[in-house]
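This report refers to the structure that appears directly beneath it.
Values in this text are rule-based calculations from the coordinates and carry no lab data. Please read these numbers as outputs of a predicted model, since none were measured by experiment. Cβ: placed from backbone, ideal geometry, glycine included. Neighbour counts: every protein chain shown.
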Amino acid sequence: MHEYSIACEIYEQVIATARAHGASEVRAVTLQMGRLTHTNPEQLKFCFDVLAEGSIAKGAEFLVEMIPPNVECECGYRGTVDTPGKPAGKSEEDRGEGGGKSGSENGNETGLHQSELLEYVAALNCPACGRAARITGGQELIIKTIDIETEAETEAETDNKF
């Protein structure tokens with residue numbers, strides 16, 4: 001499971017950043033994850049939670065924002081593919097076909113099953129001209145925000161309570 005090694009890297013970065021800013025607690029971590037990363041967000045969260053046990057990140061909220069694939073074509077088209085089988089902004093009715101299911105339609109709000117990844121890869125043709133499009137995004141994994149509490153904030157909150 002490669003999610004564990006990814007979670008280790010995220011955890012190390014979160015802790016290093018939190019310590020560099022004098023954090024007494026990590027409240028939340030928000031990631032941006034491309035749908036083509038081949039990483040399961042739920043497993044990643046589980047691994048992060050295990051690593052965070054006994055640290056200032058214990059109990060931190062772990063949020064994942066999914067990023068659809070971006071494509072670019074030699075005809076000049078640039079855009080995203082929000083669900084397998086169709087470009088961004090077009091519904092199944094507009095295209096007259098049934099696209100694949102999104103993660104949320106499968107009861108999985110943040111990730112894709114392997115078969116859906118294959119649908120994405122097969123569907124990455126240019127919606128403008130039909131030729132094969134080049135993938136330019138959707139494979140990233142970025143720590144977007146780390147919400148921390150510092151010792152000074154904790155002391156100020158205590159001082160202001162009556």
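On full extension, the segment bounded by THR30 and ALA128 gains 31.9 nm, given 0.36 nm per residue less the C-alpha separation.
For THR37, what is the net charge nearby, where nearby means another residue's Cβ is under 12 Å from its Cβ and Lys, Arg count +1, Asp, Glu -1?
Working: positive: ARG35; negative: GLU3, GLU140.
Summing Lys/Arg as +1 and Asp/Glu as -1 gives -1.
Highest-first packing order for the peptide set 27-37, 48-58, 65-75 is 27-37, 65-75, 48-58, based on the mean count of other beta carbon atoms within 10 Å.
What ranking, highest mean first, results for peptides 145-151, 129-135 when packing means the other Cβ atoms within 10 Å averaged over each residue? Write down the numbers at each step before the final one.
On the way: 145-151: 15.9, 129-135: 14.0.
In descending order of packing, they fall as 145-151, 129-135.
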